[in-house]
Amino acid sequence: MKESVPIRSECAYPNELDSAPLREAVGLALKEAKKCGASASEAAASLSQGLSVTVRMDDIETVEHTRDRGLAVTVYFGERTGSASTSDYSATSVKQTVRAACSIARFTEEDACHGLADPDRLASELPDLDLYH
């Protein structure tokens, strides 16, 4: 007789998938980049959570719960670009990450092809692609 293995479904960090910390981290990164003198900047925060179960010959072999988060910052000083990333959303870490990106930008070669897209070239209407079912 096979013995069933209980799998806990509650998250150890119930607010972990809350978007507020992501928005705060992005806002702080953009504010810090401006304070450091960047002519433009962009930041992207991500947060993911998953569960993987491996079964071999009707037996559960592994159960893996994953959580991943990250913040990527790109700063522009005219035609110079610098990027840095972190997985720590604390204010100190976000500020250090922005400063690292600024430091990198100061030592890069100018490139006229780098920079943010012109606002008039961005999509303003997003079609419903019917991707989620």
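The values are calculated or read from the model by the stated rules, or taken from the named source; none is laboratory data. What you see is a predicted model; the values in this text were computed from it and never measured. Here the Cβ is made from the backbone with ideal geometry for all residues, glycine too, and neighbour counts use every protein chain on show. Surface areas here come from the heavy atoms of the whole protein model, side chains and all, with no ligands, DNA or RNA. Shrake-Rupley method; radii C 1.70, N 1.55, O 1.52, S 1.80 Å.
A few points about this structure:
- Sequence ranges 124-132, 94-102, ranked by mean other-Cβ count within 10 angstrom, highest first: 94-102, 124-132
- Estimated distance in nm for a label pair at residue 63 and residue 118, the labels positioned 7 Å out from Cα along Cα-to-Cβ: 5.6 nm
- Debye log10 I(q)/I(0) at q = 0.18, 0.27 Å⁻¹ for region 36-110, Cα point scatterers: -0.71, -1.13
- Shape of region 35-76 from the C-alpha gyration tensor: prolate (a/c of 1.5 or more and a/b above b/c, with a ≥ b ≥ c the square roots of its eigenvalues).
- For the chain, accessible area per residue (1.4 Å probe, heavy atoms of protein chains only), Å²: 77 Å²
- Expected 222 nm ellipticity per residue - DSSP helices of 4 or more, -39500 (n - 2.57), all of the chain, to 500: -8000 deg cm²/dmol
- Spherically averaged projected area of the chain from its Cα convex hull (nm²): 12.9 nm²
- Enclosed volume per residue, in Å³, of the convex hull spanned by Cα atoms of region 70-133: 139 Å³
- When a 1.4 Å probe is rolled over the protein heavy atoms, the share of accessible surface on the chain that falls to carbon and sulfur comes to 50 percent.
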